[in-house]
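To start, the structure under review is shown below, and the notes come after it.
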């Protein structure tokens with residue numbers, strides 16, 4: 001294709017947006033509404049995912065070492081724990097440190113426990129983190145079988161429930177996003193189809209004067225692209241602005257819970273890119289699918 | 001120039017629109033295609049620009065057999081054939097100039113040449129002064145002149161017209177016929193399906209009458225031959 005022909009297609013695609021004003025408006029609105037939904041949902045899902053990941057990463061296995069174990073036994077135990085598959089880190093925490101932590105965590109009431117400094121009843125502990133938090137239960141079970149392990153604690157029962165909840169939320173989110181995308185594609189392609197139906201005559205005439213299918217497709221392809229991009233502008237602006245305020249507001253509220261939302265930068269830029277690409281892809285797909293019908297000779 | 005041999009066309013619904021048509025049309029000829037409604041005139045015309053593919057037989061135009069022509073090559077064929085319709089088939093959102101220029105943009109001509117050639121053609125059909133107007137601002141006759149300009153702007157060897165005066169009043173019809181005569185005088189072959197008895201009987205040319213998908217008559221300087 002000659003460069004001037006490409007320029008013609010670009011020019012024509014823009015002119016066509018203006019000529020078919022109302023149809024353009026309808027298509028852009030359809031893209032806007034659906035991308036707005038996708039955008040809002042995406043923000044919620046990504047942040048929930050981030051919260052879930054933070055919580056997951058907080059899960060640790062505390063291996064209490066039997067009081068009968070001497071230094072050599074402990075060393076062997078640590079080596080054995082390290083050998084269990086799926087281990088990310090193993091940190092040794094002697095019983096003195098454990099007591100210190102306990103006293104500190106209880107505040108004023110903890111002072112009573114200072115008496116135990118002479119005769120510490122606590123166990124030495126190995127704090128184990130797994131590479132994949134969902135492996136926690138499996139790893140804990142394996143560690144439990146090792147020699148000189150008194151008890152293994154990882155919040156039994158609660159962790160399973162938490163992981164289950166997170167897993168279900170993620171799956172539901174994924175299904176909803178996919179469902180929303182399909183709805184968006186259906187809605188947008190239908191709107192574009194109607195706009196192109198109205199231009200059946202234009203395509204018929206193009207074919208009559210000897211335009212190749214490629215020549216006919218190009219302006220529609222570009223028009224779909226512009227429709228998609230135009231349709232993404234409002235959702236990006238709205239979602240970014242809303243996130244800007246929500247980020248400050250919610251982060252302040254969540255500060256005490258060690259939960260943080262995704263940083264405005266780069267998250268909003270990534271989201272904008274995703275929305276633009278989605279809009280463009282849906283616009284192009286919709287217009288090419290619709291024009292295809294009329295190109296059969 | 002145009003050679004149809006044993007051409008048959010049966011539509012999927014069983015209607016037989018062409019049944020053993022044999023016609024030879026020389027370069028520079030002016031041919032009327034007449035016949036009752038539903039006799040197969042439109043199919044005859046449509047097969048010439050490959051809107052309809054024959055079921056059997058061969059249609060050779062400028063050395064190309066349309067029956068064997070691949071779909072992807074149809075646009076190339078149409079660039080060498082001008083087509084004019086009863087309902088003009090203009091794009092109402094484009095100006096007169098743009099409607100005509102469109103046929104040249106499709107074949108990627110240079111903008112300078114397009115401008116020159118479109119203005120020349122509009123002058124030929126007497127519409128140079130209305131180049132910027134929209135089709136909706138023109139009379140029926142003027143719209144048909146735009147359609148004719150579009151059909152000849154690429155200097156095709158053949159112009160096919162399907163009832164070009166069907167929507168026009170008698171005076172305008174004569175004006176349109178004068179333009180076709182002018183185009184024919186310049187050497188372009190014209191194939192015109194028409195119901196206009198007066199025109200066929202006054203401006204004498206070869207007449208082919210189609211009835212039930214067959215050629216019932218083929219006369220040089222023929223008559224319309226039906227009650228209109």
Say whether the condition of being part of a helix (DSSP H, G or I), within 14 Å of chain B (Cβ to nearest Cβ), within 37 Å of the chain's Cα centre (by Cα) and under 30 Å from residue B:134 (Cβ atoms) is met by at least one residue in the stretch A:24-42.
yes
Considering only residues that are within 14 Å of chain B (Cβ to nearest Cβ) and touching a helix residue (DSSP H, G or I) at 6+ places or on another chain (Cβ under 7 Å), which ones fall in the stretch A:155-203?
A:195, A:198, A:200, A:203
Please determine whether any residue of the stretch B:152-160 is surrounded by fewer than 19 Cβ atoms within 10 Å (Cβ to Cβ), more than 30 Å from residue B:224 (Cβ to Cβ), away from chain A (no Cβ under 11 Å) and modelled with pLDDT of 95 or more.
no
Among what's in the stretch A:226-253 and is within 22 Å of the chain's Cα centre (by Cα) and crowded, with 21+ Cβ neighbours inside 10 Å, pick the residue that is farthest from residue A:38 (Cα to Cα).
A:243
Limited to the stretch B:24-66, what total is found for residues that are out of contact with any helix residue (DSSP H, G or I) (no Cβ under 6 Å at 6 or more places or on another chain), assigned to a loop (DSSP other than H, G, I, E, B) and away from chain A (no Cβ under 14 Å)?
11
Given the criterion over 21 Å from residue A:10 (Cα atoms), surrounded by 15 or more Cβ atoms within 10 Å (Cβ to Cβ) and within 14 Å of chain B (Cβ to nearest Cβ), identify the matching residue among A:295, A:208, A:275, A:271.
A:208
Scan the stretch B:105-114 and give yes if some residue there is over 21 Å from residue B:192 (Cβ atoms), away from chain A (no Cβ under 14 Å) and either crowded, with 18+ Cβ neighbours inside 10 Å or over 17 Å from the mean Cα position of the chain (by Cα) (or both), otherwise no.
no
If residue B:144 passes every condition in (1) in contact with a strand residue (DSSP E or B) (Cβ under 7 Å, 6 or more places away or on another chain); (2) in contact (Cβ under 8 Å) with a residue 60 or more places away in the chain; (3) within 20 Å of residue B:202 (Cβ to Cβ) but one, which one does it miss?
(1)
How many residues are part of a helix (DSSP H, G or I), over 23 Å from residue B:192 (Cβ atoms) and facing chain A (nearest Cβ under 10 Å) when one looks only at the stretch B:68-101?
6
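The values are calculated or read from the model by the stated rules, or taken from the named source; none is laboratory data. Note that the structure is a prediction, hence the values are computed from the model and not measured. Please note: Cβ atoms are built from the backbone with ideal geometry, for glycine as well, and neighbour counts cover all protein chains shown.
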